[in-house]
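The structure under discussion appears below in the form of structure tokens.
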Amino acid sequence: MKIATILTALATAASGYTILDAENFSTAIMDGYWLVKYYSPTCPWSRKFAPVWEKVYGDLEDKLAENDVFFAEVDCKANRAVCDAAIIDGYPTVVFYNQGVNKGEVPGGQSYEALRAFAQSI
């Protein structure tokens, strides 16, 4: 792994929001609880969901960081192998990871209320 990639991953993880790719995915999600949004920038549903995702993160950012809960995203168009490994079959999809283990899709993960409630329950 390149040093710049590691430093970027550490800096973004410290802020609570991480852009994941093939180089940092497996190491980044190993510690803590992760809500990972898988999306495609060309997908209209992904674009519609983006403000919801950003609002939930913005509303809960301070509380989540205290509990080792992190938000991240994977651009499936640029990182197809990462999305294939997670068996992502539609966009957007939000998956919950606990200490690197895929625990499945967040129930109702595209609704502000459901996503917020799930994130607060962690």
Apart from one, (1) open to solvent by 50 Å² or more (accessible area, probe 1.4 Å); (2) free of Cβ contacts under 8 Å to residues at least 24 places away in the same chain all hold for Tyr112; the odd one out is (2)
Note to self: Given the criteria open to solvent by 70 Å² or more (accessible area, probe 1.4 Å), touching a strand residue (DSSP E or B) at 6+ places or on another chain (Cβ under 9 Å), within 20 Å of Ala28 (Cβ to Cβ) and modelled with pLDDT under 95, does Ile87 qualify?
What the structure shows: yes
message = I'd like to know if the stretch 91-106 contains one or more residues that are over 19 Å from Ile29 (Cβ atoms) and not aromatic (Phe, Trp, Tyr).
response = no
Pairing a residue in the stretch 61-88 that is assigned to a helix (DSSP H, G or I) with any residue that is modelled with pLDDT of 95 or more and β-branched (Val, Ile, Thr), where Cβ atoms lie under 7 Å and the two sit 6 or more apart in sequence or on different chains, gives Val82/Val74; Cys83/Val74
Residue count, the stretch 70-94, condition in contact with a Lys or Arg (Cβ under 8 Å, 6 or more places away or on another chain) and not hydroxyl-bearing (Ser, Thr, Tyr), comes to 6
If we ask which residues in the stretch 27-48 are touching a Gly at 6+ places or on another chain (Cβ under 9 Å) and within 20 Å of Ser121 (Cβ to Cβ), their number turns out to be 5
Checked against (1) open to solvent by 60 Å² or more (accessible area, probe 1.4 Å); (2) modelled with pLDDT under 95; (3) not β-branched (Val, Ile, Thr), Leu64 satisfies every condition except (1)
Across the stretch 89-105, the tally of residues that are charged (D, E, K, R) and either in contact (Cβ under 8 Å) with a residue 60 or more places away in the chain or over 12 Å from Leu35 (Cβ atoms) (or both) stands at 1
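The values are calculated or read from the model by the stated rules, or taken from the named source; none is laboratory data. What you see is a predicted model; the values in this text were computed from it and never measured. Don't worry about glycine lacking a Cβ; one is built from the backbone with ideal geometry, like all the others, and counts go over all protein chains shown. For the accessible areas, the whole protein counts, side chains as well, though only heavy atoms, and no ligand, DNA or RNA atoms are used. Shrake-Rupley method; radii C 1.70, N 1.55, O 1.52, S 1.80 Å.
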